[in-house]
Amino acid sequence: MTRVLAVVTDRAHARFFDVGESGAVELTSLSSPAMRGAKFHSDRQGGPGWGEHAYQGRVREEQRRHLAAVTERLAAFGREHPDATLLLAGPGTAAGALRRALPPELGKRVLGTAKLNPTELTPAKVYRATQRLRAGSA
């Protein structure tokens, strides 16, 4: 049985799990800073602001930085464990966005994706999701 690294991510959090034959162990998590300031303004207390276009640009840039940090962590794990596979999970389209951000050599190692919420997660849930994916790919 190969080693699986499961990463469960949303727009600001990433939790990593090392999944083995008997269960999952949580590794050090990654937390990116959430949106700064109010909706359309920075912290300028309602003064003239940048508008929605700049706000959406900040959201995209923060998401890009978060995915880059997660990808960097996955690449480091991949170098340490060249035979390991990856499970990508998250709510909504988060797992798909992470999969598109992976370099090709890591993309080939993806076992599959699952819909899991990183804030309501236990190692047992990650282990069960990994077992379902392994059973489906066998």
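Worth pointing out:
- Every residue from the stretch 13-31 that is crowded, with 20+ Cβ neighbours inside 10 Å and under 16 Å from Ala84 (Cβ atoms): Phe16, Phe17, Val19, Ala24
- Test result for Leu30, closer than 12 Å to Val7 by Cα and either touching a Leu at 6+ places or on another chain (Cβ under 6 Å) or at pLDDT 85 or above (or both): no
- Residue among Leu67, Leu87 that alone is under 21 Å from Leu133 (Cα atoms), touching a helix residue (DSSP H, G or I) at 6+ places or on another chain (Cβ under 6 Å) and either part of a strand (DSSP E or B) or of a type outside the set (Ser, Thr, Tyr) (or both): Leu87
- From the list Gly57, Gly49, the lone residue that is at pLDDT below 90, in a helix (DSSP H, G or I), farther than 13 Å from Ala14 by Cα and over 12 Å from the mean Cα position of the chain (by Cα) is Gly57.
- The set of residues from the stretch 97-128 being in contact (Cβ under 8 Å) with a residue 60 or more places away in the chain, under 20 Å from Thr28 (Cβ atoms) and surrounded by 12 or more Cβ atoms within 10 Å (Cβ to Cβ) comprises Leu98, Leu116, Asn117, Pro118, Leu121, Pro123, Val126, Tyr127.
The values are calculated or read from the model by the stated rules, or taken from the named source; none is laboratory data. Just so it is clear, the model here is predicted, and its values are computed rather than measured. Note that we place each Cβ from the backbone using ideal geometry, even for glycine, and neighbour counts take in every protein chain shown.
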